[in-house]
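Comments concern the structure below.
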Amino acid sequence: MTSKPLPRRRDAAASRERLLRAAAELFADRGFEQSTARDIGERAGVDPTMIARYFGGKAQLYIAVLQAEDSSEAPADIRDRSRLAGLLDRFGRHGPGPILQAAVRPYDDPAAQAAAAAALENRLIDPLRQRLAREGEERPDLLAELLVAAFIGVVISRHAGTFEHLAQATTADILSLLDGLLGAS
């Protein structure tokens, strides 16, 4: 008597988690636009059609990735030297993620762009704006955006290797120079 193999049971939670992890890696490496559902599914070992089933689509998966990162990461005041050092180390190891990339090259998908802008606001701009307002800066909104834009430019240019000396500089070198530029303490 031969028994039929039992049908393979799906573990939706595990599949969803693998898709989130794979998407986070690809979005960080390639950006939103260049990461395909097929690539995400392949990296996760999950049928790419499950992206639509679990998330609604690639843009909603991107938003879920940003929300997952938001819940695990404290907002960063880039004028706080220790937080600035942590960000520089992280971006030095992993490169600028999809949020920083969206600040320089907006995504074609409005939902993905709005999610990236909201995450950037929450993680970098708002903590700095609050600090600047407490310190009595005349235009904290504008200054916060200007300082974050300068920081993003440094991170992206360093990662891209566009500027030879910037790309070869150590995190400590960059940190000491950014201290003066950003007014870090």
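The values are calculated or read from the model by the stated rules, or taken from the named source; none is laboratory data. The shown structure was predicted, so the numbers you read here are calculated from the model rather than taken from an experiment. As a convention, Cβ positions derive from the backbone with ideal geometry for all residues, glycine included, and neighbour counts pool all protein chains shown. The accessibility values were calculated without ligands, DNA or RNA, using every heavy atom of the protein model including side chains. Shrake-Rupley method; radii C 1.70, N 1.55, O 1.52, S 1.80 Å.
The set of residues in the stretch 173-185 that are exposed (fewer than 12 other Cβ atoms within 10 Å of the Cβ) and either modelled with pLDDT of 90 or more or among the polar types (S, T, N, Q) (or both) contains only 185. Within the stretch 32-45, the residues that satisfy the criterion of being under 18 Å from the mean Cα position of the chain (by Cα) and either over 20 Å from residue 104 (Cα atoms) or surrounded by 15 or more Cβ atoms within 10 Å (Cβ to Cβ) (or both) are 32, 33, 35, 36, 40. Annotation: of all residues in the stretch 12-31 being over 17 Å from the mean Cα position of the chain (by Cα) and surrounded by fewer than 18 Cβ atoms within 10 Å (Cβ to Cβ), the one that is nearest to residue 50 (Cα to Cα) is 12.
Would you mention how many residues in the stretch 160-185 are in contact with a helix residue (DSSP H, G or I) (Cβ under 7 Å, 6 or more places away or on another chain) and within 19 Å of residue 148 (Cβ to Cβ)? Outline the logic, then answer.
So in the stretch 160-185, the residues in contact with a helix residue (DSSP H, G or I) (Cβ under 7 Å, 6 or more places away or on another chain) come out as 161, 163, 166-167, 171, 174-175, 178-179, 181-182, 184-185.
Keeping just the survivors that are within 19 Å of residue 148 (Cβ to Cβ) gives 166, 171, 174-175, 178-179, 181-182, 184-185.
The qualifying residues number 10.
The number of residues in the stretch 46-64 being assigned to a helix (DSSP H, G or I), open to solvent by less than 50 Å² (accessible area, probe 1.4 Å) and of a type in the set (Gly, Ala, Ser) comes to 2. The residues of the stretch 133-160 that are open to solvent by 50 Å² or more (accessible area, probe 1.4 Å), of a type outside the set (Asp, Glu) and within 24 Å of the chain's Cα centre (by Cα), listed by number, are 142, 146, 149, 159, 160.
Residues of the stretch 71-126 that are under 11 Å from the mean Cα position of the chain (by Cα) and surrounded by fewer than 15 Cβ atoms within 10 Å (Cβ to Cβ): 73, 94. Within the stretch 106-123, residues that are closer than 17 Å to residue 56 by Cα reach partners that are open to solvent by 50 Å² or more (accessible area, probe 1.4 Å) with beta carbons closer than 7 Å, at six or more positions or on different chains, in the pairs 113/106.
With respect to (1) touching a Gly at 6+ places or on another chain (Cβ under 9 Å); (2) aliphatic (A, V, I, L, M); (3) touching a residue at least 40 places away in the same chain (Cβ under 8 Å), the lone exception for residue 100 is condition (1).
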